[in-house]
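The values are calculated or read from the model by the stated rules, or taken from the named source; none is laboratory data. Owing to the predicted nature of the structure, the values given are computational and were not obtained by experimental measurement. In this analysis, Cβ positions are derived from the backbone assuming ideal geometry, glycine residues included, and neighbour counts consider all displayed protein chains.
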Amino acid sequence: MSYDPGYAQGTLNIAAYRIVDTIKSHYTDMGFFVDSLNNYSIPHTFNLKMNSNMGFGFSNNFCSYQFESYYPSTYGSGFITISKLDTQQGIISGTFAGELYISGCDTVNITEGRFDMKLH
C-alpha cells in the first residue's frame, strides 16, 4: 500500500500478490488505485466507473482483468472509501470492494477489504 500526496493530486495504491505454487509459477495479484485525493473532502467514497479517477485490476495465470479506460473489455463495479486522511497524525484508512468480469473468465469478487496505514 502506498500514499503519495504530491503525485496526481494525491494518490493511493492498494496491492496484494500471492504465489500459489512456485514450481508451476502460479500467481494471483490484485490492485486498487485512486488519484486526486487532494481535491475531495474526506470521508469520501470513490465509485468504480469508466473514465474516473479510480481503477481496479486482478490477474492470475489464466486471466487479466483491468477496469480502467485503457481496457474497455473488462466490466466491473466497486468502490474505495477513504474514511480518514490525517496528514498531521500520519494516518490513512478506509474500505474497498469490487467485482470484475471479462468474457471467458470467472467473475472476481473482492469483499470487505480494509486498509489502515501510518504515513510517517
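Summary of computed values
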item: Residue within segment 101-109 that is of a type outside the set (Phe, Trp, Tyr), in contact (Cβ under 8 Å) with a residue 40 or more places away in the chain and either surrounded by 17 or more Cβ atoms within 10 Å (Cβ to Cβ) or not in a loop (DSSP other than H, G, I, E, B) (or both) present; result: yes
item: Residue in segment 74-91 that is among the aliphatic types (A, V, I, L, M), in a strand (DSSP E or B), over 15 Å from the mean Cα position of the chain (by Cα) and under 22 Å from Met1 (Cβ atoms) present; result: yes
item: Failed item in (1) more than 19 Å from Gly10 (Cβ to Cβ); (2) surrounded by 14 or more Cβ atoms within 10 Å (Cβ to Cβ), with Leu85 passing the rest; result: (1)
item: Yes/no for Phe33 being modelled with pLDDT of 90 or more and of a type in the set (Phe, Trp, Tyr); result: no
item: Ile82 vs. criteria in contact (Cβ under 8 Å) with a residue 40 or more places away in the chain, over 30 Å from Thr22 (Cβ atoms) and aliphatic (A, V, I, L, M); result: yes
item: Residue ranges of strands (runs of 3 or more DSSP E) in segment 3-64 with at least 2 members free of Cβ contacts under 8 Å to residues at least 24 places away in the same chain and surrounded by 18 or more Cβ atoms within 10 Å (Cβ to Cβ); result: none
